[in-house]
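This report refers to the structure that appears directly beneath it.
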There are 4 protein chains.
Amino acid sequence: MSGIGRQTWAIAEGYIPGGSHGPEPAMTSHETACLLNTGDETAAVEITLYFTDREPAGPYRVSVEARRTQHVRFNDLVDPEPVPRDTDYASVIRSDRPIVVQHSRLDSRQAENALMTTVAWSA
Amino acid sequence: MSGIGRQTWAIAEGYIPGGSHGPEPAMTSHETACLLNTGDETAAVEITLYFTDREPAGPYRVSVEARRTQHVRFNDLVDPEPVPRDTDYASVIRSDRPIVVQHSRLDSRQAENALMTTVAWSA
Amino acid sequence: MSGIGRQTWAIAEGYIPGGSHGPEPAMTSHETACLLNTGDETAAVEITLYFTDREPAGPYRVSVEARRTQHVRFNDLVDPEPVPRDTDYASVIRSDRPIVVQHSRLDSRQAENALMTTVAWSA
Amino acid sequence: MSGIGRQTWAIAEGYIPGGSHGPEPAMTSHETACLLNTGDETAAVEITLYFTDREPAGPYRVSVEARRTQHVRFNDLVDPEPVPRDTDYASVIRSDRPIVVQHSRLDSRQAENALMTTVAWSA
């Protein structure tokens, strides 16, 4: 059965704070793309990163198994290259099957953490 | 009269922090799906939870009476099984009548609370 | 000229914290519906509030002049009745002309304020 | 190749806090419109600001090169006039090519920063 969602998503906001307070990894400043695949087949996902002053990076490849969610930390993306800290970026997420995407950030640069989230934009 | 909204919604982000600061229950770390039924008949809602490394849990059944809102704390879902803490999940919300769904989290793991919210994604 | 947006919007989350820290009115815990009328005629707006265990309240009437924005604090709605504090609610916003609606909350119950926002759901 | 997105976007919430704590410019209270142009041609963008009690300001002109993102701080908009602090506003963003827009705010009026974000509303 095909899952719900769309195959192309965009997140125009992106920024991994360079500093953190609190125990790792839960309280490390991070940025996440939450991917949900409600379908019955694995979704092959490609993430491309856009910057202010250079050509895009990627694609970063992630697979989300049938009936699973993957909360992908941009901090953990290293192939083909790590995501720079303290740098503005944006992302496009393309999947070969329908998925749902939500964006969130935990910022723990100061002693108390701040959070934000939004559903991504679907094409 | 039929209410406004959709019958299928998804929230790709989900995580109930295991710790809290401040008076219960208002300041307990929690995650909420706010359900609004503006119609004139009760809406029967089923919530299914998706995880990273196991099959989905649920359905959890909630009913939202005519012209009412229910702010469902995922912390309180126990049947058919409690929602694990400190664990990534996602949710799909299906209703037999149109509803509107918004997602929010209060995180009070540190002394000062953080908040986030987003309208859910509607199929 | 007609403005951009929709005539019916819903915000399923709603909760005005009963307490605050910091100088009033900027740092008073509050919940806001930001209304934007980009058109060339005044928009007559009606807000209806939904609760968990009683019939809806309202309509509360607000007008947004041509080419203006009104950031309506739910705290300030008093006619036909004040909005209760520390109480879950939701809202539906109907306008006779297209508008755009965004929801936000500032929570200053603890010493440091928390923020959240989302575009409202448009019918 | 044409990029993904829309040509008209609105952000009904807008407010630049007048005060800040922490090192500039990262921790300065600010409000941002993140613009993503995934297409192969430069996007010419015009931002118009709406207020509560005066006519709109702008257009402010920004260009986003092909395959780039620009995280525009409203704090930095000065031509045709600076954006007032501690003042409610809203914005409409028009582009001659498809873009994706996300809104966020960092509020550091108190010692610990708060964050919020949402995808903008697309016409």
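The values are calculated or read from the model by the stated rules, or taken from the named source; none is laboratory data. From a predicted model like this one, the values you see are computed outputs, not experimental measurements. Glycine gets a Cβ as well: all are built from the backbone with ideal geometry, and neighbour counts include every protein chain shown. Protein only, heavy atoms only, side chains kept; ligands, DNA and RNA dropped before computing areas. Shrake-Rupley method; radii C 1.70, N 1.55, O 1.52, S 1.80 Å.
Tabulated data
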read-out	value
Once exposed loop trypsin sites (Lys or Arg not before Pro) are cut out (DSSP; at most 14 other Cβ, 10 Å), longest piece of chain D	D:1-53
Among D:Thr52, D:Thr69, D:Thr87: highest mean-square fluctuation, GNM of chain D, C-alpha pairs under 10 Å	D:Thr52
Average accessible surface area per residue within chain A, 1.4 Å rolling probe, Å²	36
Residues with amide H under 5 Å from that of D:Ile16, placed H, sequence gap 5 or more	D:Asp86, D:Thr87
Ascending list, in nanometres, of distances separating the C:Gly19 label from those of the other copies (7 Å, Cα toward Cβ)	2.1, 2.1, 3.0
Residue-wise HN-Hα coupling along the range A:113-123, computed from phi with Karplus coefficients 6.51, -1.76, 1.60 (Hz; x: Gly, Pro)	7, 10, 10, 8, 8, 7, 4, 6, 8, 9, 6
Calculated label separations, B:Glu46, copies of the chain, 7 Å along the beta-carbon direction, nm	3.6, 3.6, 5.1
Chain C: most fluctuating residue of C:Asn75, C:Asn113, C:Asn37 per GNM, C-alpha cutoff 10 Å	C:Asn113
Axis-nearest residue of A (beta carbon) for the A-onto-B rotation, whole Å	A:Glu112, 3
Shielding by partners - mean other protein chain Cβ count within 10 Å, residues of C:81-89	1
Residue mean of other protein chain beta carbons inside 10 Å, D:46-53	3
The range C:106-121 and the range A:36-62: distance between their alpha carbon centers, rounded to Å	31
Copies compared at B:Arg73 - label distances in nm, ascending, label defined 7 Å from Cα in the Cβ direction	2.8, 2.8, 3.9
Average projected area [Cα convex hull, the protein assembly as shown], square nanometres	21.0
Cα-derived Rg to Rh of chain B, Kirkwood definition	0.98
